[in-house]
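The values are calculated or read from the model by the stated rules, or taken from the named source; none is laboratory data. Quantities reported herein were computed from a predicted structural model and do not represent experimental measurements. Cβ sites come from the backbone with ideal geometry, for glycine too, and all protein chains shown count toward neighbours. Ligands, DNA and RNA are stripped out before the accessible areas are found, and what is left, the full protein with its side chains, is counted by its heavy atoms. Shrake-Rupley method; radii C 1.70, N 1.55, O 1.52, S 1.80 Å.
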Amino acid sequence: MAKQRGILRLKGTLDGITFYKSKDGYMVRTKGSIDRSRIASDPAFQRTRENNAEFGNAGKAGKLIRTAFRTALLSAADKRLASRLTKEMLRVVRTDTVNPRGQRMASAGDLLLIKQFDFNINAKLGTTFFAPYVPVVDRATGSLSVSIAPFTPLDMVVAPSGTTHFQLLSGGAEIDFDNGLHVSAMSNSEILPYSSADTELLELDSSVTAASALPLLLVFGIAFFQEVNGQMYALKNGVHNALNLVEIIPAP
């Protein structure tokens, strides 16, 4: 594919060439020469069908994770999150050693491959938040928590210009990849001043089903605010907010 240049921007198909708009701007590509029905039935395209099926499985798994943490992702996700997460989930799918090629699933793959995944590539947790924190997952009770020791915000948080306050948040989820189901919960701190005053010990706890036999995922992040006339406003629509998949406990 290539980018369109010039003042005139085109959309549509002309002589086998398709003009369209994407997140990267106005693009152009040639129409594929292989009929879709042939790909769906011709033995020569068996590998292609298998790859397409597993890509679809990865996309569904990624969407389920995004849905589970949707509340947090409303203000902590980049524009390419869906495609980035699908790519990582495809890696997970391909580690499935139980099912045959073309039927491999995320539920049978190595979910630890997506541990430390950043949902906002423009604001990674590791380059934003430097205070020590401890993620804890207790399968027996269904508790997924993050404990943050007291810290000095000005020293331990790299905040964007204009920040006056910040908030820490975490969320836990149990994910049923095979049936497309999830149970999730979110927890957050109070909105805290971005200052030289030390915070208190913070415990962010979320609960899912006790003794669940499903994979458990825990996210942790930070959101920035600006106070104006006593009101808190999300800073720059959350473009600098970070959210990271800090812990994963695979199904037993």
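Do we have Gly171 as small (Gly, Ala, Ser) and in contact with a Phe, Trp or Tyr (Cβ under 6 Å, 6 or more places away or on another chain) here? Answer is yes for this residue.
Applying the criterion of at least 2 residues that are β-branched (Val, Ile, Thr) and either under 22 Å from Val183 (Cβ atoms) or open to solvent by 50 Å² or more (accessible area, probe 1.4 Å) (or both) to the helices (runs of 4 or more DSSP H) found wholly in segment 44-163 leaves 46-68.
The residues of segment 43-73 that are free of Cβ contacts under 8 Å to residues at least 40 places away in the same chain and hydrophobic (A, V, I, L, M, F, W, C), listed by number, are Ala44, Phe45, Phe55. Comparison of Arg139, Arg66, Arg101 shows that the only residue that is out of contact with any Ser or Thr (no Cβ under 8 Å at 6 or more places or on another chain), farther than 13 Å from Val219 by Cα and of a type in the set (Lys, Arg) is Arg101. Note on segment 112-130: among residues that are without any contact (Cβ under 8 Å) to a residue 60 or more places away in the chain and not β-branched (Val, Ile, Thr), the one that is farthest from Glu88 (Cα to Cα) is Phe130. Scanning segment 204-232 for residues that are surrounded by fewer than 14 Cβ atoms within 10 Å (Cβ to Cβ), part of a strand (DSSP E or B) and not aliphatic (A, V, I, L, M) yields a single hit, Gln231.
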